[in-house]
Amino acid sequence: MLDPEYFEMIKNNIDKRGVAPSTNTQATIMLKMSAFYDLKERGDKKWKKHRRDILKLSLLLTGEEKIELNGRMNQDFDGFFEHLTQELDPKSIKSFADGLPIIKKEVIKVLEKVFIQNN
């Protein structure tokens, strides 16, 4: 079951411009962070797919987007951010970036701008 904070975040971040409504990039990243955190905590190796997706999706962010984090979203963001800043090096990022220009410092910078924590 979806946390109330996540449900509100989804409702507030729907992009209706396409044929079918979908979450915008920052909400999709936040949902991926939740899956990343949950799977990594359970020891399920599928968390690596979500990490790759988050890093690729971050290339679509300009830094102008904003999303407020409430409740469990703060923990999910912190879990991914800690992994990014402390466990990933440029060589490991390159190994799963599929040739995309994912630069760790730039990802950190844009994530800090877009995701606003309410502690």
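The values are calculated or read from the model by the stated rules, or taken from the named source; none is laboratory data. Keep in mind that what you see is a predicted model, and the values were worked out from it rather than measured. Here Cβ is always computed from backbone atoms with ideal geometry, including for glycine, and neighbour counts include all displayed protein chains.
In the set LYS94, LYS66, LYS113, only one residue is more than 21 Å from ASN24 (Cα to Cα) and not hydroxyl-bearing (Ser, Thr, Tyr); that residue is LYS94.
Listed by position, the helices (runs of 4 or more DSSP H) enclosed by the stretch 1-82 that each have at least 3 residues that are within 19 Å of GLU106 (Cα to Cα) are 25-42, 47-58, 72-82. Any residue that is among the hydroxyl-bearing types (Ser, Thr, Tyr), out of contact with any Lys or Arg (no Cβ under 7 Å at 6 or more places or on another chain) and surrounded by 16 or more Cβ atoms within 10 Å (Cβ to Cβ) - is there at least one of those in the stretch 60-73? There is no residue in the stretch 60-73 that is among the hydroxyl-bearing types (Ser, Thr, Tyr), out of contact with any Lys or Arg (no Cβ under 7 Å at 6 or more places or on another chain) and surrounded by 16 or more Cβ atoms within 10 Å (Cβ to Cβ). Counting only residues that are outside any loop (DSSP other than H, G, I, E, B), of a type outside the set (D, E, K, R) and within 15 Å of LYS48 (Cα to Cα), the stretch 83-119 holds 6 of them.
Taking each residue of the stretch 19-35 that is under 18 Å from GLU82 (Cβ atoms) and in contact (Cβ under 8 Å) with a residue 12 or more places away in the chain and looking for partners that are surrounded by fewer than 21 Cβ atoms within 10 Å (Cβ to Cβ) and not hydrophobic (A, V, I, L, M, F, W, C) with beta-carbon atoms closer than 6 Å, six or more apart or interchain, yields LYS32/ASP53.
Here's the yes/no breakdown for (1) over 12 Å from the mean Cα position of the chain (by Cα); (2) surrounded by fewer than 18 Cβ atoms within 10 Å (Cβ to Cβ):
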position: THR25; (1), (2): no, no
position: LYS32; (1), (2): no, no
position: LYS40; (1), (2): yes, no
position: GLY43; (1), (2): yes, yes
position: LYS46; (1), (2): yes, yes
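Checked against the criterion of being over 13 Å from the mean Cα position of the chain (by Cα), polar (S, T, N, Q), surrounded by fewer than 16 Cβ atoms within 10 Å (Cβ to Cβ) and modelled with pLDDT of 95 or more, the stretch 13-21 has no qualifying residue.
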